[in-house]
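Okay, structure first, notes after.
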Amino acid sequence: MFIRSKAALAFAIPALAVGLAACGDDEETPAASSGTESTESASGGAATGSVNVYSSLPLQGASKDQTNAMVDGIKLAMKQSGGKAGGVSVKYESLDDSTAQAGNWEPNQVASNARKVAQDKKAVAYIGEFNSGASALSIPILNQVGIAQISPANTYVGLTTDEPGSEKGEPAKYQPTGKKTYTRIVPRDTIQAAALVTQAKNDGCTKIGMANDKDTYGLGLARLVEIKAGEQGVEVVANEGIQKDAANFRGVASKIKGAGAECFIFAGVTANGAIQVYKDVASALPDAKLYGGDGVCESGFTNPEKKGIPASVGKNFACTVATLDLSSYPGGQEFIAAFEKEYGDASPDPYAIYGFEAMQLVLDTIEAAGQAGTTREGFLAQLFKTKDRDSVLGTYSIDENGDTTLTDYGLYKVGPDGDPKFDSAIKAAA
């Protein structure tokens, strides 16, 4: 059984536009400690009361295997805790930011989720979004009421910094109050782009062809790949924006082939035409090595039985995710054992551990804050104090921008069962 330790995390960042929401449940899990401990109220007694925590993730469409695994991880943390953070009762609710028609996150649904949580006086934390573009909508809504937001998956650089890859006005435009309320526990795309280029270069690639889905995440990652490729002496010979609902992408593939690309990177998510893009590029360049970021590093993309890419394409494909071999994490083996006991799955999607850690962080932050943890202000303040947190993912802090200090990305290849399988860790400086 996992033992939960007291923790607090620094949570930060912007706001502007529409939003998403959240999910919840209970159980206990791997150890994660934060660096600040204060479980008593101002009057000296144990903290009491109750709070609400939400998650907002796309539970329908191409990403559902990843996001449902996240929700299972969240529920496992809740179950292990008995629905308690110290003496405070915690209620969790899972919200879906997708629609069946869209098959992906949907702006109006995101906004509806965020507004629902913003209007809940007992809400102190929001776990989400899964997609960076969705967070660009929900952050401002939650920021206006001071609710802390923790993303277990966002990597777009502009949500937290104005470094290369961001757009004008970011990240300030996401935080209308001027106070940071957004943070994430996955490394930003500055690091992922460097990891992708590093792997392509190690594989002998000197000319990269790219396509992007023109969404927030895809555009940002593509820009960063161009920057990191230049730094590493690799040429990006094409970067084509796609119309995600096009019937095929043979024209894009032809341009990439004509530019002399030796390998291919798609910056985008599965739902935005990714499967057809890779099929068409693989047809035009049958010997090219194919790469993708975390937006396509999931079974809905890699597994032919789930209408993903054909096995003939998958043999040349590799992708990056900010998770390593789960069993290699400090709390990984215990997490896998607990997950298998609860759900009968000994090989959970890597994102399950991020859902678990996001909720573990919430519970530990509430407990560390004491009675103040039952208020939005108290929870947010405690979250930003998180330093050298001992978690299932390893030791990390949250910096002043709301970013994690974790940096490693894992390289995944298509396993015999069609699902992404951990291959190796990529060390790439941001």
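Of note:
- Residue check, Pro58 over 29 Å from Gln371 (Cβ atoms), more than 17 Å from the chain's Cα centre (by Cα) and in contact (Cβ under 8 Å) with a residue 12 or more places away in the chain: no
- Filter result for Asp65 (part of a helix (DSSP H, G or I) and surrounded by fewer than 23 Cβ atoms within 10 Å (Cβ to Cβ)): yes
- Residue match in the range 36-43 (condition: modelled with pLDDT of 95 or more, under 23 Å from Thr375 (Cβ atoms) and not in a loop (DSSP other than H, G, I, E, B)): no
- Check on Ile141, touching a residue at least 12 places away in the same chain (Cβ under 8 Å) and under 15 Å from the mean Cα position of the chain (by Cα): no
- Scanning the range 168-197 for residues that are over 28 Å from Ala114 (Cα atoms) and touching a strand residue (DSSP E or B) at 6+ places or on another chain (Cβ under 6 Å) returns Ala195, Leu196.
- The range 215-230, residues that are in contact with a helix residue (DSSP H, G or I) (Cβ under 8 Å, 6 or more places away or on another chain) and not polar (S, T, N, Q): Asp215, Tyr217, Gly218, Gly220, Leu221, Leu224, Val225, Ile227, Lys228, Ala229
- On inspection, Lys75 passes the criterion of being under 19 Å from Leu363 (Cα atoms), surrounded by fewer than 24 Cβ atoms within 10 Å (Cβ to Cβ) and at pLDDT 50 or above.
- Among the candidates Ile191, Ile150, Ile141, the residue that is under 22 Å from Val51 (Cα atoms) and in a helix (DSSP H, G or I) is uniquely Ile141.
- Within the range 325-430, helices (runs of 4 or more DSSP H) holding 2 or more residues that are assigned by TED's automatic domain parsing to the domain that holds Thr67 and surrounded by fewer than 24 Cβ atoms within 10 Å (Cβ to Cβ): 332-343, 376-383
- Taking the range 176-188 as the range and being in contact with a Pro (Cβ under 9 Å, 6 or more places away or on another chain), buried (at least 22 other Cβ atoms within 10 Å of the Cβ) and not in a strand (DSSP E or B) as the test, the residues that pass are Lys180, Thr181, Ile185, Val186.
- Given (1) surrounded by 18 or more Cβ atoms within 10 Å (Cβ to Cβ); (2) part of a loop (DSSP other than H, G, I, E, B); (3) touching a Gly at 6+ places or on another chain (Cβ under 8 Å), number of the condition Ser94 does not satisfy: (2)
- Only one entry in Gly209, Gly218 is part of a strand (DSSP E or B), in contact (Cβ under 8 Å) with a residue 12 or more places away in the chain and outside the structural domain of Ile147 (by TED's automatic domain parsing), namely Gly209.
- Output for the range 364-400, where each listed residue is at pLDDT 95 or above and on the phi > 0 side of the Ramachandran plot: Gly370, Asp388
- Within the range 289-306, the only residue that satisfies the criterion of being free of Cβ contacts under 8 Å to residues at least 60 places away in the same chain and either at positive phi or surrounded by fewer than 24 Cβ atoms within 10 Å (Cβ to Cβ) (or both) is Leu290.
The values are calculated or read from the model by the stated rules, or taken from the named source; none is laboratory data. Keep in mind it's a predicted model, so treat the numbers as computed, not measured. No Cβ is skipped: glycine too gets one built from the backbone with ideal geometry, and neighbour counts run over all protein chains shown.
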